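*Asks:* One structure follows; several queries about it will come next.
The values are calculated or read from the model by the stated rules, or taken from the named source; none is laboratory data. All of these numbers come straight from a predicted model, not from anything done at the bench. Neighbour counts are summed over all protein chains in view; Cβ atoms, including those assigned to glycine, are modelled from backbone coordinates with ideal geometry. Note: accessible area is taken over every heavy atom of the protein model, side chains too, but ligands, DNA and RNA are not part of it. Shrake-Rupley method; radii C 1.70, N 1.55, O 1.52, S 1.80 Å.
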Amino acid sequence: MDYQSLLQDIRTYGSKGWAIVYGVSGAGEHERSAEGAWITGHKGKRFLDCGSFALFMFGHGNSKILVALQDLLSHGLSGTSRVLCHAELAVALKKLVALTPPHLQKAMLLNSGSEAVEAAIKLCRLKTKRRKLAHLGGSYHGKTAGALSLTDHAGFKADTHPLLQDVVRIERGDMAKLETVLASGDIAGLFVEAVQGEGGIHPIEPAFLQMAHQLCRQHGTLLVADEIQSGLGRTGRLWAFERSDIKPDIVLVGKSLGGGIVPVSALIASEAAFSPFDHNPYLHSSTYGGNPLACRAVIAVTEIVQAKNFLPGVEQKGTWIESALDQLHGQFSDVLSAYSGFGLMRGLHFSSSTYAAKTLEYCLKTGLLLSPCLSNPTVLRLVPPYCIEHSDVDYMHGILQQALHNCRTLQESS
Ligand SMILES: Cc1ncc(COP(=O)(O)O)c(C=O)c1O
């Protein structure tokens, strides 16, 4: 199917808005195949994937994950009766819990990030018997009704109000507000991303997170670490919250948990926090949640991240990227005003949203995929897979250098 007919079908049978987004993005190619860090378009053009909204931490078509899935499918097992249990679930739960600090002992498998957030909202309310929830400025927790209520950006909410009531917003770093809100003693759960993703790759100050942790303990609020984007090694630590030495009551994981192949997410909690779901399994469930195929992907992913060289590899590749960004920032600080993040989760901060948009467009046309921050248009996300090579970083550097140069020329000519 040619590109224009494909767009036409999306426009006619799906969202016109998506057809416009695909149309104006300018690449003129649709995805045909992918391997490792690279996607190949239908006309043969190759794109280095440093975007995909941080889905492909383990690369495209990771062979360890694919083999595990193929083996399971060859036995005819993919969905589950939900009456008979299956071995994959037991193994996946055990392995996932083993990846987290010892105080987290229970897990539940779901399908999407937002669904894990919904489960956490419910658990916080059930456990504390309180209604109020708190989130930080710049947060992104998803787009289903509950998750959207904890997502900061007003543009995503449009005319969908009323969402959840009793939601309190705390500005990042505002310790006084944090203290007042939690001291009220009526907050069921405080949701944080230790490194905010969609909001603009903002690492939250460890001192702020430590204070949040302490206040949550003191006032009976559950601390929820949303690691859906930052977890599973992306920041060079298995969990981004480890950088702040805090002990969340609930951890949420998604995106790369299914290797970019199977949709799967998880809620992992302390035994105490999980108790309502322990007592009544029907309080939260989902037909596809914890299906054998998803469990196989989870098992394979836990084995990948536990390999001895995995985290040091992420750290090392993170330093390659950091030195490329440092050089670009030094050369073009009038355009690229800052960069942020850790490991393979980086933010490019531009001095104007026009520069960010022009860079995104140029990179896409030239063969480099980055992800925008839809709620923060001056920031682009650079979130490559861990299989990225040094030559790929050189390639990325070359394209970004030209993109930033073009922005400067634009500035000079205006
Ligand atoms: C931190 C965070 N939480 C929740 C979500 C929602 O996940 P999903 O899009 O799978 O529903 C995302 C998605 O980008 C995310 O980055």
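*Asks:* Heavy atoms only, probe 1.4 Å: what % of the accessible area of the stretch 117-224 goes to carbon and sulfur, would you let me know? Walk me through the intermediate numbers first.
*Replies:* Numbers: 2280 of 4320 Å².
Heavy-atom surface of the stretch 117-224 belonging to carbon and sulfur, 1.4 Å probe: 53 percent.
*Asks:* Could you tell me the calculated FRET efficiency between D2 and L73, based on Cβ-Cβ distance and R0 = 25 angstrom, to the nearest 0.05?
*Replies:* After rounding to 0.05, the efficiency reads 0.20.
*Asks:* Is the C-alpha gyration tensor of the stretch 205-260 telling us rounded, prolate or oblate? Criteria: a/c under 1.5 is rounded; beyond that, a/b larger than b/c is prolate, otherwise oblate.
*Replies:* On the way: a/c = 3.63, a/b = 1.81, b/c = 2.00.
Verdict is oblate for the stretch 205-260.
*Asks:* Could you tell me which residue out of A225, Q105, W239 lies farthest along the dipole of the chain toward its positive end? Charges go on the beta carbon: Lys and Arg +1, Asp and Glu -1, centred on the Cα centre.
*Replies:* Checked the options; the winner is Q105.
*Asks:* Related question: What length, rounded to one decimal in nm, is gained on full extension from T409 through to Q105, with 0.36 nm per residue of separation minus their alpha-carbon distance?
*Replies:* Details: separation 304, 0.36 × 304 = 109.44 nm, distance 5.53 nm.
My answer for the length gained is 103.9 nm.
*Asks:* Place a point 7 Å from Cα of H153 in the direction of its Cβ. Which residues in the stretch 346-381 have their backbone N less than 13 Å from it?
*Replies:* The answer is 371-381.
*Asks:* Where a ≥ b ≥ c are the square roots of the eigenvalues of the C-alpha gyration tensor, would you call the stretch 160-288 rounded, which needs a/c under 1.5, or, failing that, prolate if a/b is larger than b/c, or oblate? It would help to have the intermediate numbers written out before the result.
*Replies:* On the way: a/c = 1.55, a/b = 1.16, b/c = 1.34.
It comes out oblate by the Cα gyration axes.
*Asks:* Could you name the aspartates and glutamates in cross-link range of K129, using Cα to Cα under 12 Å and dropping any fewer than eight places away on the same chain?
*Replies:* Partners found: D186.
*Asks:* Could you state the number of Å between the C-alpha centres of the stretch 275-302 and the stretch 147-168?
*Replies:* Rounded to whole Å, the Cα centres lie 27 Å apart.
*Asks:* Which of rounded, prolate or oblate describes the stretch 119-234 when judged by the alpha-carbon gyration tensor and an a/c cut-off of 1.5?
*Replies:* On the way: a/c = 1.45, a/b = 1.06, b/c = 1.36.
The shape class here is rounded.
*Asks:* Please determine, in degrees from 0 to 90 and to the nearest 10, the orientation of helix 353-366 with respect to the longest principal axis defined by the Cα atoms of the chain, where the helix direction is its Cα long axis.
*Replies:* 70
*Asks:* Report relative contact order for the chain in percent, whole number only (criteria: Cα-Cα under 8 Å, sequence separation at least 6). Don't skip to the answer; put the middle values down first.
*Replies:* Numbers: 829 pairs, mean separation 89.4, N = 414.
Once divided by the residue count of the chain, the mean separation gives 22 percent.
*Asks:* Enter the accessible area per residue of the stretch 68-203 (Å², integer; probe 1.4 Å; all protein chains in place). Before the final figure, lay out each step's value.
*Replies:* Working: 6070 Å² over 136 residues.
Here the residues of the stretch 68-203 average 45 Å² of exposed surface.
*Asks:* Share of antiparallel DSSP beta bridges in the chain, in percent to the nearest 5? Each step should come with its number before you reach the end.
*Replies:* Numbers: 31 of 48 bridges.
The answer is about 65 percent antiparallel.
*Asks:* In degrees, nearest 10, range 0 to 90: what is the angle between the Cα axis of helix 87-98 and the longest Cα principal axis of the chain?
*Replies:* 80
*Asks:* Hey, how many Å between the Cα centroid of the stretch 352-400 and the Cα centroid of the stretch 1-76?
*Replies:* Centre-to-centre distance over Cα atoms comes out at 17 Å.
*Asks:* Report the calculated FRET efficiency for T160 and K16 (r = Cβ-Cβ distance, R0 = 25 Å), to the nearest 0.05. Don't skip to the answer; put the middle values down first.
*Replies:* Working: r = 19 Å, r/R0 = 0.77.
Calculated value: 0.80.
*Asks:* Holding the Cα-Cα limit at 27 Å, pick out from K247/K308; K16/K317; K157/K255; K308/K365; K45/K95; K122/K317 the pairs that are longer than that.
*Replies:* On the way: K247/K308 24 Å; K16/K317 39 Å; K157/K255 22 Å; K308/K365 37 Å; K45/K95 39 Å; K122/K317 38 Å.
Result: K16/K317; K308/K365; K45/K95; K122/K317 exceed 27 Å.
*Asks:* State the antiparallel share, in %, of DSSP beta bridges confined to the stretch 155-278, rounding to the nearest 5. It would help to have the intermediate numbers written out before the result.
*Replies:* Numbers: 6 of 13 bridges.
Of all bridge pairs located within the stretch 155-278, approximately 45 percent are antiparallel.
*Asks:* Moving on to the next point. For the stretch 77-306, give me the percentage of DSSP beta bridges that are antiparallel, rounded to the nearest 5 percent. If you can, show how the numbers build up before the last one.
*Replies:* Numbers: 11 of 26 bridges.
Bridges in the stretch 77-306 that DSSP calls antiparallel: roughly 40 percent.
*Asks:* For H390, put the label point 7 Å out on the Cα→Cβ axis and report which residues of the stretch 317-335 keep their amide N under 15 Å from it.
*Replies:* Answer for the stretch 317-335: 317-324.
*Asks:* Using alpha carbons only, how many degrees (0 to 90, rounded to 10) separate the axis of helix 292-306 from the longest principal axis of the chain?
*Replies:* Tilt of helix 292-306: around 70 degrees.
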